[in-house]
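*Asks:* Just dropping this structure here.
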Amino acid sequence: MAPRNRETLIRRSLLLSLYVLTFAAFSLIGHNWYLNRSLARAIVEANSENPLEYGDRIDLNALKRALQQTGSRDNSNPPTFLLLYFMRPSHFQHLKSIKYGDVLLRRYGSSGLQAFLVTDAQPPETQDLVRREALSMPVLFDRDSVLRLLLRAPDHYEHTLLIAPDGKIVFSLEGAPSEDLLRQIVEKHMVGVIDYSRDHAKQHYRVGETLPDIRVASIAGGIVQTLAPRNAEVVLISARCTACQLHAYMQRYRELTTASANGKSRLLVFSGRFPQQELLTDLTEGGVTTDNVYLAREPLGGLDNEYRTKSGDAELAVIVSVDGQGRIESVRSLDEVE
Amino acid sequence: MKLPQVLISFMLAHTFMPATPAAAQKTQPIPETTLRATQVARDIPLDQSKRVLVGPDANYYVLDAGNNRIVVMSPDWKFVRQISAAGQEPGALFDPQDFALDRQGNIFVIDGKKRLQGFTPTGKHLGTITYRAECLALAVNGRGEYLLSQPELGALVTVYSPSGEVRRSFGQLKNGEGRYRSVANRAHLAVTRADEVYVSLDHQGILQKYDAAGRLLWETAIPGDQVERLRGIFWSDDENKSKYGVVITTVHSRVPAFYVAFNLFLDDTRRQLYVPLNNGSIYVADADGKPIKFLKQPRGAVDFYSSVVTDKQNRLVATSRFRGVLLITPARPA
């Protein structure tokens, strides 16, 4: 090929590439412009004092766009149930519920649930929270309040939404719901059936069997140790309502830690769902000797269930008596009034 | 809170505590009976049962609040059916607070979405009306009117027509200032066959009776040192009242309010009132408000009865926050 022809070919190729790139750039800008415009329109249409209610619908394209703008990398197809917790790190009162979002995500993530924490707090502040609470749920930084405005969440960022795959709001609440209420709502909409069944601690601890070792830590803190009680009475305490159980039963805990157990040592093991600091403070102030009081570091069989938080412990607490070989001699309910 | 602070708090509370009705001042020893509570229907999962009522069909209707449903059980404690389930759509329940039965056995439930919903005894949704003020208790009268405890609206009881319009209100608010005024005047209600209304103020331990037109007939405070102590806790500025018993903090009010009395049940046949208290006992009075007895738990027992009812076999049945449904019998003769 002659040099002149080659030059012409190169020039034409470059020109063509330029056309293609220009077209692509304009397409992208135009597309973004269109999407941003549709998102802006959706936000304007969403502009209302009233929060979204059950049955309201969301423009799914606008929602997807808003999620992407705030950092979601999700491109899932088909669409999924979307659980959104609006919060700021200072809303510590909602943390229990938000941590439960992680539990739901682990259980239903593969069958179509996405969960996000949406916040307008600065990323370092949020990262602190995520690290401290070991949250695995993705966090969306709603810097320009795009999600908040689109989903009509209050400007104080305390709101929870569950959105069905078709954009229908199936749950909307200012604040964060209790764990068990959220479980019921998610089961109803995702599984179709609410599970009301309940575990019984007495079915887990059977007379004649060996009491399994329990991983615990002293309630004053410290390293995790394995409790393998012998010739002892072990009081296993669930956490259905941590605050009320703690306060209402204080006298009982005091009696249990001071009264004799027929020559056996008596150990109190609280569910790991009790807040450690509050437990320690309240027991100490309540005059309970804390030498033999522990916080479980694993679920207590039949008493604890991280998914069905209210399902365990029909008995609230059980006293398991073990012999010198660690075999269970008896299992009694603490709260049975006979 | 340290002991001196508690003492100061109590002294302040008793100094500034509003005066209770005169009847309470003349306290006389009231008989006490130790009760025995036996858990029944153990195979039916219940969570935070708030109220039990007996329907015209003799079945028990239990507001299983934690499970957002009403559980119907037979007189021998077998599961019959459930009414509604958790949700925010019409016909579903979201954080139900209280319920009532009308004379036909229809069920009316109020929930955390400020809705009053009706259901047939078999669970068919009859309809929904919405209201604007917080409401934690209701009753239904013989005219099909709904009586709601909504002190935020300026009276103890607001009466709604069957279609949801406010018809009238009655009962003067007692004590409390600012946002505490509404909280202090929350009440539970009971209606007689003649549509007279009994009111039990949840946080003040006061009983009242109104005629069908809403005129106050009498008022009395639940007597006894222990009840006085509960009142003192409600009015005190102690920051952690849950140490002494059950406290309610609603999203609407955000005021932690210590209960004195949880509920009110009228046995219209035997003309007796039953009021479960926040010390685990049950106060029994006659229909004129005169004290009959306290039913007390044995020493060391810990439970709070959210409601009580007498059934068609004259058994006393209670609901407990954690233990579901309980049969209450005397532990030893009075």
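Every number in this text was worked out from the coordinates using simple rules, so none of it is lab data. The shown structure was predicted, so the numbers you read here are calculated from the model rather than taken from an experiment. Positions of Cβ are generated from backbone atoms using ideal geometry, with glycine treated the same way; all protein chains shown enter the neighbour counts.
*Asks:* For B:GLU239 and B:THR120 in one chain, what is 0.36 nm times their gap in residues minus the Cα-Cα distance, to one decimal in nm?
*Replies:* Roughly 38.5 nm would be gained on extension.
*Asks:* Still on this structure, I have one more. Rounded to the nearest 500 deg cm²/dmol, what is the calculated helix-only ellipticity per residue at 222 nm for chain B, with -39500 (n - 2.57) per DSSP H run of length n ≥ 4? Numbers along the way, then the final one.
*Replies:* Numbers: 4 runs with 35 residues, N = 334.
The per-residue figure over chain B is -3000 deg cm²/dmol.
*Asks:* How big is the C-alpha Rg of the protein assembly as shown next to the rule-of-thumb value 2.2 N^0.38 Å, as a ratio?
*Replies:* Compactness ratio reported: 1.11.
*Asks:* Follow-up question, since we're still on this one. Among DSSP beta bridges whose residues both lie in chain A, state the antiparallel percentage, nearest 5.
*Replies:* In chain A, DSSP labels about 60 percent of beta bridges as antiparallel.
*Asks:* Inside 10 Å of the C-beta atoms of B:318-324, what's the mean count of C-beta atoms belonging to other chains? Don't jump to the answer; show the numbers that get you there.
*Replies:* On the way: counts 0, 0, 2, 4, 12, 7, 1.
Average per residue, whole number: 4.
*Asks:* Which residue, chosen from A:ALA134, A:HIS189, B:ALA58, occupies the Cα position most advanced towards the positive end of the dipole of the protein assembly as shown, where the dipole is computed from +1 (Lys, Arg) and -1 (Asp, Glu) charges on Cβ about the Cα centre?
*Replies:* A:HIS189
*Asks:* Cα extents of chain B along the three principal axes, largest first, in whole Å?
*Replies:* Dimensions of chain B along the principal axes of its Cα atoms: 55, 45, 38 Å.
*Asks:* What number does segment A:47-191 give for Rg over Rh if you use C-alpha atoms and the Kirkwood radius? Intermediate values should be presented prior to the final figure.
*Replies:* Details: Rg = 13.8 Å, Rh = 15.0 Å.
My calculation of the ratio gives 0.92.
*Asks:* Tell me, what ³J(HN,Hα) does each residue in segment A:158-168 have, in order and in whole Hz, if you take phi through Karplus 6.51 cos²θ - 1.76 cosθ + 1.60 with θ = phi - 60° and put x for Gly and Pro?
*Replies:* 10, 7, 10, 9, 10, 10, 6, x, 8, x, 7
*Asks:* Follow-up question, since we're still on this one. In whole Å, what is the distance between the alpha-carbon centres of segment A:140-203 and segment A:252-315?
*Replies:* Their Cα centres are 31 Å away from one another.
*Asks:* Could I ask something else about it? Expressed in nm², what is the orientationally averaged projection area of the convex hull enclosing the Cα positions of segment A:206-330? Write out the running numbers ahead of the final one.
*Replies:* On the way: hull surface 28.4 nm².
About 7.1 nm², averaged over all directions.
*Asks:* Once you have the Cα-Cα distance between A:ASP155 and A:GLN251, take 0.36 nm times their residue separation minus that, and quote the gain in nm to one decimal. Before the final figure, lay out each step's value.
*Replies:* On the way: separation 96, 0.36 × 96 = 34.56 nm, distance 4.37 nm.
Extending this stretch completely gives an extra 30.2 nm.
*Asks:* Something else: What spacing in nm lies between the two simple spin-label points modelled at A:ARG332 and A:ASP213, each 7 Å away from Cα in the Cβ direction?
*Replies:* In this crude label model, A:ARG332 to A:ASP213 measures out at 2.9 nm.
*Asks:* How large is the helix-only mean residue ellipticity at 222 nm for chain A, computed as the sum of -39500 (n - 2.57) over DSSP H runs with n ≥ 4, divided by its residue count, in deg cm²/dmol to the nearest 500? Display every interim value, and only then the final one.
*Replies:* Working: 10 runs with 122 residues, N = 338.
That comes out to -11500 deg cm²/dmol.
*Asks:* While we're on this one: Take every DSSP beta bridge whose two residues both sit in segment A:201-333, then give the antiparallel share in percent to the nearest 5.
*Replies:* Of those bridges, close to 70 percent are antiparallel.
*Asks:* What are the principal axis extents of the Cα atoms in chain A, in Å, biggest first?
*Replies:* Principal-axis extents of chain A (Cα, largest first): 105, 56, 37 Å.
*Asks:* Hey, another quick one. Quick check: the angle from helix A:123-133's long axis to the longest principal axis of chain A, C-alpha only, nearest 10 degrees?
*Replies:* Result, in degrees: 30.
*Asks:* Once amide H atoms are placed 1.01 Å from N in the peptide plane, what residues at a sequence separation of 5 or more from B:SER307, or on another chain, have their amide H within under 5 Å of its amide H?
*Replies:* B:THR319
*Asks:* Counting only other chains, what is the mean number of Cβ atoms within 10 angstrom of the Cβ of each residue in peptide A:284-290?
*Replies:* Numbers: counts 0, 5, 1, 0, 0, 0, 0.
What the average comes to for A:284-290 is 1.
*Asks:* Here is a follow-up. Tabulate in residue order the Karplus-calculated ³J(HN,Hα) for segment A:291-308, using 6.51 cos²θ - 1.76 cosθ + 1.60 with θ = phi - 60°, rounded to whole Hz; enter x for Gly and Pro.
*Replies:* For segment A:291-308, the Karplus curve yields 4, 10, 10, 10, 10, 5, 10, 8, x, 7, x, x, 10, 10, 8, 5, 8, 9 Hz.
*Asks:* What distance in nm separates the simple spin-label points at B:ARG229 and A:ALA243, each placed 7 Å from Cα in the Cβ direction?
*Replies:* It is 2.3 nm.
*Asks:* Sorted from fewest to most neighbouring beta carbons within 10 Å, what does the list A:ARG273, B:ARG323, B:ARG181 look like?
*Replies:* Ordered by Cβ neighbours within 10 Å, fewest first: B:ARG181, A:ARG273, B:ARG323.
*Asks:* In degrees, nearest 10, range 0 to 90: what is the angle between the Cα axis of helix A:276-285 and the longest Cα principal axis of chain A?
*Replies:* 30
*Asks:* For B:ALA213 and B:ASP76 in the same chain, what is the full-extension length gain: residue separation times 0.36 nm, less their Cα-Cα distance, in nm?
*Replies:* Values: separation 137, 0.36 × 137 = 49.32 nm, distance 3.90 nm.
So the extension gain works out to 45.4 nm.
*Asks:* If you fit an axis through the alpha-carbon atoms of helix A:3-46 and take the longest principal axis of the Cα set of chain A, what angle between them do you get, 0 to 90°, nearest 10?
*Replies:* It is inclined by approximately 50 degrees.
*Asks:* If you scale each eigenvalue of the Cα gyration tensor by 5 and take the root, what three semi-axes come out for segment B:209-294, rounded to whole angstrom and sorted largest first?
*Replies:* 26, 16, 12
*Asks:* Same structure, new question: Number of Lys pairs in chain A with C-alpha atoms less than 21 angstrom apart, excluding same-chain neighbours closer than eight positions? The partial results should precede the final answer.
*Replies:* On the way: A:LYS64/A:LYS168; A:LYS96/A:LYS310; A:LYS99/A:LYS188; A:LYS99/A:LYS310; A:LYS168/A:LYS188; A:LYS188/A:LYS310; A:LYS202/A:LYS264; A:LYS202/A:LYS310.
Taking chain A as the scope, the lysine pair count is 8.
*Asks:* If you project the alpha carbons of segment B:142-216 onto their three principal axes, what span does each projection cover, largest first, in Å?
*Replies:* Result, largest extent first: 34, 24, 16 Å.
*Asks:* Could I ask something else about it? Testing the spin-label approximation: label points 7 Å from Cα along Cα→Cβ at A:THR289 and B:ARG103. State their distance in nm.
*Replies:* Between A:THR289 and B:ARG103, the label points sit 6.3 nm apart.
*Asks:* A follow-up question, please. Karplus couplings for segment B:47-60 from phi (6.51 cos²θ - 1.76 cosθ + 1.60, θ = phi - 60°), rounded to Hz, Gly and Pro as x?
*Replies:* 9, 6, 5, 9, 7, 10, 9, 10, x, x, 7, 6, 6, 8
*Asks:* Given segment A:139-187, what whole percent of its Cα pairs are spread farther than 12 Å? Intermediate values should be presented prior to the final figure.
*Replies:* Working: 796 of 1176 pairs.
Pairs farther apart than 12 Å: 68 percent.
*Asks:* In the protein assembly as shown, what % of DSSP beta bridges are antiparallel (nearest 5)?
*Replies:* Here the share of antiparallel DSSP bridges comes out near 85 percent.
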